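Q: First, the structure itself, so that you have it in front of you.
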Amino acid sequence: MIAAVDTGEAEDRRMRILAIGLMCATMICFTGQDTCAKWLSASLPIAQIVWARYVGASLIALVASRSLSRPAMLRSRRPRLQLLRSVLLFCSTTANVLAVRELQLSETATISFLTPVFVALLAGPVLGERVSAERMIAIALGFLGVVIATRPGAGTFQPIVLVAVAGVVCNSGYVLATRKLAGSDSAQTTLAWTQIAGIVFLTPILPWIWRQPQSAIDWVIMAGMGVFAATSHGMLIVAHRFAPAPTLTPFTYTQLIWMIVSGVLVFGDWPSAATLIGASLVVACGVYLALRERRARRPRSQRSTSIDETS
């Protein structure tokens, strides 16, 4: 009996480590996706960039989910929620591409870190979770961090920040929809549905907005963006099947490191002190919310054992 329990705990630990590794790799792919989008935004229309991201991701998603050979994989138990999730991701992606064109990668990363804050705020009306006073304080501090990072009172505030925040709200809804779908549809089904909105909305207007890429490098970057997009969302779905969100959330902030590195190496953008201070505050609030949620989900018996061990 004890051996079986130990084996179960070891397997659970192994799955969590694998999930954390997938989450860290996902953040690298998200950075690659945003870097490609920012590079392309200097010469191509935003709609074309978003369309390229969706086409590349769709092709990879169809292959990964084997939907062509197994059409049943496209059948969802909750198609309306799948469509809503896809639309939310489309809105979030479009807002993010608009933002990275105008802002530094480190600034867009800081704003994107509001996602756990909005998830905590929306968890009440969407998932029926109670929002405590401590949660509200952490949420307020998270917003303060973004205010510091974007410096609205220093004469340098850019309205595009509001677009980026709107994108984060959409992404938060996307995260909550993903959580709801985890118990009803397989990862392959959800991955296949993810790209639908972008393809449906953008393909009809493509002939009117298309601009020929200027070089072979631009074609490669467009393809790479699709690879990063499909890989990141696929790994994100699998990671959440191996470990709960509160365990994984703190590791999403590793993206800030890669965004700073990419911004400096590719675009020569050094983050300001205000950006780093604001980002640190947003990260601290997000980590606090994740740790608090993880503690709240622990079984009562586990909590008692922990208390006994430390007393």
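Q: May I ask you to list the residues in the range 185-214 that are small (Gly, Ala, Ser) and farther than 15 Å from Met235 by Cα? Outline the logic, then answer.
A: The first filter runs over the range 185-214 and keeps only residues small (Gly, Ala, Ser), leaving 186-187, 192, 197-198.
Those that are small (Gly, Ala, Ser) and farther than 15 Å from Met235 by Cα: Ala197, Gly198.
Q: Quick check on the range 159-214: of everything there that is of a type in the set (Phe, Trp, Tyr) and over 16 Å from the mean Cα position of the chain (by Cα), which residue is surrounded by the most Cβ atoms within 10 Å (Cβ to Cβ)? Break it down into steps so the answer makes sense when it comes.
A: First, pick out the residues of the range 159-214 that are of a type in the set (Phe, Trp, Tyr): 174, 193, 201, 208, 210.
With the extra rule that they be over 16 Å from the mean Cα position of the chain (by Cα), the set shrinks to 193, 201, 208, 210.
Numbers: Trp193: 25, Phe201: 18, Trp208: 8, Trp210: 13.
In this case the residue turns out to be Trp193.
Q: Next question. Where the second residue is not in a helix (DSSP H, G or I) and the first is hydrophobic (A, V, I, L, M, F, W, C) and lies in the range 30-52, which pairs have Cβ atoms under 7 Å and are six or more apart or on separate chains?
A: The qualifying pairs are Leu44/Arg211; Leu44/Pro213; Ile49/Ser41.
Q: Please list, ordered by residue number, the helices (runs of 4 or more DSSP H) wholly in the range 162-234 having 3 or more residues that are in contact with a helix residue (DSSP H, G or I) (Cβ under 8 Å, 6 or more places away or on another chain), at pLDDT 85 or above and closer than 19 Å to Leu81 by Cβ. First the steps, then the outcome.
A: Details: elements: 187-194, 196-202, 206-209.
Output list reads 196-202.
Q: Can you tell me which residues in the range 127-147 are of a type in the set (Val, Ile, Thr) and modelled with pLDDT under 65?
A: Of all residues in the range 127-147, those of a type in the set (Val, Ile, Thr) come to 131, 137, 139, 146-147.
Matches in the range 127-147: Val131 only.
Q: Considering every residue within the range 51-72, establish whether at least one is out of contact with any helix residue (DSSP H, G or I) (no Cβ under 6 Å at 6 or more places or on another chain), within 20 Å of Val169 (Cβ to Cβ), surrounded by fewer than 20 Cβ atoms within 10 Å (Cβ to Cβ) and at pLDDT 70 or above.
A: No.
Q: Sticking with this one: Pull up the range 239-252, narrow it to residues that are within 15 Å of Thr115 (Cβ to Cβ), modelled with pLDDT under 80 and not polar (S, T, N, Q), then point me to the one that is surrounded by the most Cβ atoms within 10 Å (Cβ to Cβ).
A: By that ranking, first place goes to Leu248.
The values are calculated or read from the model by the stated rules, or taken from the named source; none is laboratory data. The structure presented is a predicted model; accordingly, all values stated were derived computationally and were not measured. Because the Cβ atoms are built from the backbone with ideal geometry, glycine has one as well, and the counts that use them run over all protein chains shown.
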